[in-house]
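Engineer: Structure below; questions to follow.
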Amino acid sequence: MNEDGNAQTVAIIPALCSDDEVDTALVDLGGVTAIERVVNTCVAAGASKVMVLRRAIAAPLPAGIEVEAITTGDKSDVSDSLRIALLKLPREADVVLIFPVGHALVEEDTVLALRARLQRDGCAIAVPTFRGDHGYPVAMTRSVFSELDLGVPTLQDLVCRDAVRVAGVATVNHWVISDLRRPEDRSAARCQLSGQPWSTLAQMYRHRSHRSFRSDSITDAQIERLVDAARHASTSSFIQAYAVIAVRDAELKQRCAVLCGGQRHVAEAPVFFAVCADLNKLARACADQGTIVRSDSFELFLQTTVDAALLGQNLQLACEAEGLGACMIGGARNQPIEMARALELPDHSFVVFGMAVGVAADDPPARGRMPLAGVLHWDRYDSSDILDVLRGADDGMRDWAKRCNAEQGGYNGRPVDEVKGWSERMARMWGGESAYAKAREALQEELRTLGFEV
Ligand SMILES: Cc1cc2nc3c(=O)[nH]c(=O)nc-3n(C[C@H](O)[C@H](O)[C@H](O)COP(=O)(O)O)c2cc1C
């Protein structure tokens with residue numbers, strides 16, 4: 001206790017510097033490094049001492065920060081280094097705050113709330129939560145922290161050991177679960193530092209397709225809200241030539257999953273949206289006006305398909321903004337006639353793609369994208385650096401494969417080839433005897449049957 005009778009808090013900042021290229025502690029957050037920001041937050045929230053855990057190979061910390069730097073072995077993980085910190089913990093420390101540097105954008109008010117919660121009866125560990133998920137920093141009593149030396153293997157095991165002694169402190173700051181070690185979260189941080197606290201751009205950078213869902217249902221009111229927001233996308237000449245079928249019925253979802261090529265996540269998600277190109281309303285409007293819709297027009301076909309895609313992308317973003325996970329499903333075009341029948345679509349409409357949506361049960365690494373220079377051109381298209389772009393795309397794909405294997409044991413339950421780059425994969429998919437092209441050979445004819453005489 002200090003002189004005021006308050007518990008003395010020591011902050012421990014794991015900032016090991018992992019094997020990846022980016023040293024998270026030194027990431028620039030608008031003029032201050034991540035480590036400086038965390039230290040400032042801890043001090044502002046009343047920590048009497050700050051200890052930073054750092055591997056020997058890591059670059060020196062910025063000059064002038066007042067911390068006790070504890071050097072750990074180059075192979076030590078966070079748990080090993082926390083055990084070293086435990087040995088060096090000052091005797092007067094009553095509360096330990098473990099604040100990984102990747103969560104540097106967590107604010108002082110969160111730390112204060114954790115400390116306050118810890119002083120209430122029966123609480124030995126206080127954890128911030130964002131939309132129900134546990135995050136960091138974590139505050140705990142000294143005696144709980146000491147358990148790390150009694151055979152509890154990791155910090156997470158320590159927190160999960162006895163749910164009764166853990167209190168969640170709900171926060172609206174997503175940084176308790178976002179982590180600057182991830183490239184997408186670093187991009188999101190740049191957005192945040194240049195604008196709104198959690199901007200649309202930050203949401204976009206954090207996009208990942210989710211393919212595993214919890215059983216939590218989604219209410220009809222939420223579905224309505226999501227689709228209502230999504231349909232405010234731009235629409236060609238205001239034709240609004242789209243429709244969305246929200247499939248909730250388990251049997252029907254199962255049927256859709258089969259038609260989508262047996263994709264398990266379609267049946268597992270609480271809702272499967274079928275995003276349709278829909279000229280039915282246009283056809284009826286034309287008929288009522290004594291004319292016939294030009295469903296043979298390739299331009300109109302493009303307009304309705306583009307409209308559906310814009311709505312679909314808006315819908316995915318809306319889902320992500322509300323904390324849901326989603327995966328678009330082009331497999332919905334595998335058997336378009338059967339799909340249209342199953343959903344009782346009218347003439348002049350087809351499912352452009354589906355979308356499985358629910359509370360995500362997976363946490364896949366973001367895939368990143370090819371170098372921006374392959375996409376953004378200034379004034380005129382410029383292919384002069386196309387080889388660099390392709391090499392960058394290849395490297396990005398390999399990095400993603402490594403991350404999948406290391407963090408998730410592979411992708412869809414199988415190890416990912418870490419050697420093959422983007423170019424080789426794309427050439428296999430869409431070059432020569434492409435199985436993808438072959439699988440959809442009948443599509444044009446099938447769409448004719450559905451009323452698109454293109
Ligand atoms: C129109 C469209 C159709 C897609 N179809 C499928 C699909 O049938 N099954 C699936 O698992 N993922 C599907 N995806 C997801 C892509 O595989 C995914 O977006 C891509 O690999 C990039 O990964 P990311 O979304 O996690 O960034 C589809 C994506 C789009 C845009």
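The values are calculated or read from the model by the stated rules, or taken from the named source; none is laboratory data. Keep in mind the model is a prediction, meaning the values are calculated, not measured. All Cβ positions, even for glycine, are placed from backbone atoms using ideal geometry, and neighbour counts span all protein chains on display. Protein only, heavy atoms only, side chains kept; ligands, DNA and RNA dropped before computing areas. Shrake-Rupley method; radii C 1.70, N 1.55, O 1.52, S 1.80 Å.
Yes/no matrix, rows are residues, columns are (1) more than 16 Å from the ligand (Cβ to nearest atom); (2) out of contact with any helix residue (DSSP H, G or I) (no Cβ under 7 Å at 6 or more places or on another chain); (3) in a strand (DSSP E or B):
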site	(1), (2), (3)
Glu251	yes, yes, no
Ala274	no, no, yes
Leu282	yes, yes, no
Arg294	yes, no, no
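Engineer: Moving on to the next point. Here are Leu376, Leu387, Leu447: which of them is assigned to a loop (DSSP other than H, G, I, E, B) and either at pLDDT 95 or above or open to solvent by 90 Å² or more (accessible area, probe 1.4 Å) (or both)? Before you say what the answer is, go through the steps one by one.
Structural biologist: Values: Leu387 fails: assigned to a loop (DSSP other than H, G, I, E, B); Leu447 fails: assigned to a loop (DSSP other than H, G, I, E, B).
None of the others qualify; the one that does is Leu376.
Engineer: Quick one: would you say Cys17 is under 24 Å from Glu184 (Cα atoms), of a type outside the set (Val, Ile, Thr) and surrounded by 15 or more Cβ atoms within 10 Å (Cβ to Cβ)? Lay out the reasoning, then the answer.
Structural biologist: Details: under 24 Å from Glu184 (Cα atoms): yes; of a type outside the set (Val, Ile, Thr): yes; surrounded by 15 or more Cβ atoms within 10 Å (Cβ to Cβ): yes.
So Cys17 passes the test.
Engineer: Go over the candidates Lys49, Lys88 one by one and state the one that is of a type in the set (Lys, Arg) and surrounded by fewer than 15 Cβ atoms within 10 Å (Cβ to Cβ). So that I can check it myself, show each step before the final result.
Structural biologist: Working: Lys49 fails: surrounded by fewer than 15 Cβ atoms within 10 Å (Cβ to Cβ).
None of the other options fit; the residue is Lys88.
Engineer: Tell me whether region 414-422 contains one or more residues that are of a type outside the set (Asp, Glu), surrounded by 14 or more Cβ atoms within 10 Å (Cβ to Cβ) and assigned to a helix (DSSP H, G or I). Lay out the reasoning, then the answer.
Structural biologist: Of all residues in region 414-422, those of a type outside the set (Asp, Glu) come to 414-416, 419-422.
Still in the list and also surrounded by 14 or more Cβ atoms within 10 Å (Cβ to Cβ): 416, 420-422.
Imposing the further condition that a residue be assigned to a helix (DSSP H, G or I) reduces the set to 422.
Looking through region 414-422, at least one residue is of a type outside the set (Asp, Glu), surrounded by 14 or more Cβ atoms within 10 Å (Cβ to Cβ) and assigned to a helix (DSSP H, G or I).
Engineer: Now a separate question. Using beta carbons and a limit of 7 Å, which pairs, at least six apart or on different chains, have the first residue in region 248-263 and modelled with pLDDT of 95 or more and the second one more than 11 Å from the ligand (Cβ to nearest atom) and open to solvent by 60 Å² or more (accessible area, probe 1.4 Å)?
Structural biologist: Between residues of region 248-263 that are modelled with pLDDT of 95 or more and residues that are more than 11 Å from the ligand (Cβ to nearest atom) and open to solvent by 60 Å² or more (accessible area, probe 1.4 Å), the close pairs are Leu259/Gln335; Leu259/Glu338.
Engineer: Considering (1) open to solvent by 10 Å² or more (accessible area, probe 1.4 Å); (2) closer than 30 Å to Val359 by Cα; (3) part of a helix (DSSP H, G or I), say which one Leu114 fails and leave the rest.
Structural biologist: Tallying (1) open to solvent by 10 Å² or more (accessible area, probe 1.4 Å); (2) closer than 30 Å to Val359 by Cα; (3) part of a helix (DSSP H, G or I), Leu114 fails exactly one: (1).
Engineer: A further question follows. List pairs: first in region 405-426 and farther than 22 Å from Leu387 by Cβ and free of Cβ contacts under 8 Å to residues at least 12 places away in the same chain, second open to solvent by 80 Å² or more (accessible area, probe 1.4 Å) and not hydrophobic (A, V, I, L, M, F, W, C), Cβ under 9 Å, 6+ apart or cross-chain?
Structural biologist: So the pair list comes out as Gly409/Pro415.
Engineer: Could you check, for region 74-96, whether at least one of its residues is under 28 Å from the mean Cα position of the chain (by Cα), of a type in the set (Ser, Thr, Tyr) and assigned to a strand (DSSP E or B)?
Structural biologist: For region 74-96, residues under 28 Å from the mean Cα position of the chain (by Cα), of a type in the set (Ser, Thr, Tyr) and assigned to a strand (DSSP E or B): absent.
Engineer: Which residue, of Ile13, Ile70, Ile57, Ile65, is modelled with pLDDT of 95 or more, in the same structural domain as Leu118 (by TED's automatic domain parsing) and not aromatic (Phe, Trp, Tyr)? Don't jump to the end; show me each part of the working.
Structural biologist: Values: Ile70 fails: modelled with pLDDT of 95 or more; Ile57 fails: modelled with pLDDT of 95 or more; Ile65 fails: modelled with pLDDT of 95 or more.
The unique qualifying residue is Ile13.
Engineer: A further question follows. What number of residues within region 175-186 are within 25 Å of Ala269 (Cα to Cα) and either within 16 Å of the ligand (Cβ to nearest atom) or open to solvent by 10 Å² or more (accessible area, probe 1.4 Å) (or both)? It would help to see each step written out before you state the result.
Structural biologist: Within region 175-186, the subset within 25 Å of Ala269 (Cα to Cα) is 177-178, 184.
Remaining after also requiring either within 16 Å of the ligand (Cβ to nearest atom) or open to solvent by 10 Å² or more (accessible area, probe 1.4 Å) (or both): 177, 184.
Counting residues in region 175-186 that are within 25 Å of Ala269 (Cα to Cα) and either within 16 Å of the ligand (Cβ to nearest atom) or open to solvent by 10 Å² or more (accessible area, probe 1.4 Å) (or both) gives 2.
Engineer: Output the qualifying pairs, or none if there are none: Cβ atoms under 8 angstrom, residues six or more apart or on different chains, first residue in region 427-454 and not assigned by TED's automatic domain parsing to the domain that holds Pro336, second residue of a type in the set (Val, Ile, Thr).
Structural biologist: Gln444/Val454; Glu446/Ile337; Leu447/Val454; Arg448/Val454; Thr449/Ile337; Leu450/Ile337
Engineer: So if I check each of Ala189, Ala202, which one is touching a His at 6+ places or on another chain (Cβ under 9 Å) and more than 15 Å from the ligand (Cβ to nearest atom)? Walk me through how you get there before you give the answer.
Structural biologist: Working: Ala189 fails: touching a His at 6+ places or on another chain (Cβ under 9 Å).
Of the residues listed, the single one that is touching a His at 6+ places or on another chain (Cβ under 9 Å) and more than 15 Å from the ligand (Cβ to nearest atom) is Ala202.
Engineer: Can you find a residue in region 303-311 that is hydrophobic (A, V, I, L, M, F, W, C), assigned by TED's automatic domain parsing to the domain that holds Thr219, within 9 Å of the ligand (Cβ to nearest atom) and not in a helix (DSSP H, G or I)? Write out each step before concluding.
Structural biologist: Step one: list which residues in region 303-311 are hydrophobic (A, V, I, L, M, F, W, C), which gives 306, 308-311.
After this cut, where a residue has to be assigned by TED's automatic domain parsing to the domain that holds Thr219 as well, the list is 306, 308-311.
Now drop any that are not within 9 Å of the ligand (Cβ to nearest atom), which leaves 309.
Restricting the remaining residues to those that are not in a helix (DSSP H, G or I) gives none.
The answer is no; no qualifying residue exists.
Engineer: In addition: Looking at (1) under 21 Å from Ile13 (Cα atoms); (2) of a type in the set (A, V, I, L, M); (3) modelled with pLDDT of 90 or more, which one does Ala170 not meet, given that it meets all the others?
Structural biologist: (1)
Engineer: For region 198-251, name all the residues that are of a type in the set (Lys, Arg) and touching a Cys at 6+ places or on another chain (Cβ under 7 Å). If you could, list the steps in order and put the result at the bottom.
Structural biologist: Here is the first cut: in region 198-251, the residues of a type in the set (Lys, Arg) are 206, 208, 211, 214, 225, 231, 248.
Answer for region 198-251, where residues must be of a type in the set (Lys, Arg) and touching a Cys at 6+ places or on another chain (Cβ under 7 Å): just Arg211.
Engineer: Still on this model: If you take the residues in region 353-364 that are within 11 Å of the ligand (Cβ to nearest atom) and open to solvent by 10 Å² or more (accessible area, probe 1.4 Å), which one is nearest to the chain's Cα centre (by Cα)? Steps first, please.
Structural biologist: Restricting attention to region 353-364, the residues satisfying the condition of being within 11 Å of the ligand (Cβ to nearest atom) are 353-356, 362, 364.
Among the residues that remain, those that are also open to solvent by 10 Å² or more (accessible area, probe 1.4 Å) are: 353, 362, 364.
On the way: Phe353: 21, Asp362: 10, Pro364: 7 Å.
Across region 353-364, the extreme among qualifying residues is Pro364.
Engineer: With respect to Gln156, determine if the residue is open to solvent by 90 Å² or more (accessible area, probe 1.4 Å) and part of a helix (DSSP H, G or I).
Structural biologist: Values: open to solvent by 90 Å² or more (accessible area, probe 1.4 Å): yes; part of a helix (DSSP H, G or I): yes.
Criteria met by Gln156.
Engineer: Sticking with this one: Among the residues of region 126-152, what is the count of those that are open to solvent by less than 10 Å² (accessible area, probe 1.4 Å) and closer than 14 Å to Thr9 by Cβ?
Structural biologist: 7
Engineer: Being within 30 Å of Ala188 (Cβ to Cβ), open to solvent by 10 Å² or more (accessible area, probe 1.4 Å) and not in a helix (DSSP H, G or I) is the filter; apply it to region 314-351 and report the residue that is nearest to the ligand (Cβ to nearest atom).
Structural biologist: Result: Met328.
Engineer: Something else now. Just give me the residues in region 206-233 being open to solvent by 30 Å² or more (accessible area, probe 1.4 Å), away from the ligand (no atom under 16 Å from the Cβ) and touching a helix residue (DSSP H, G or I) at 6+ places or on another chain (Cβ under 6 Å), in sequence order.
Structural biologist: Ala229, Arg231
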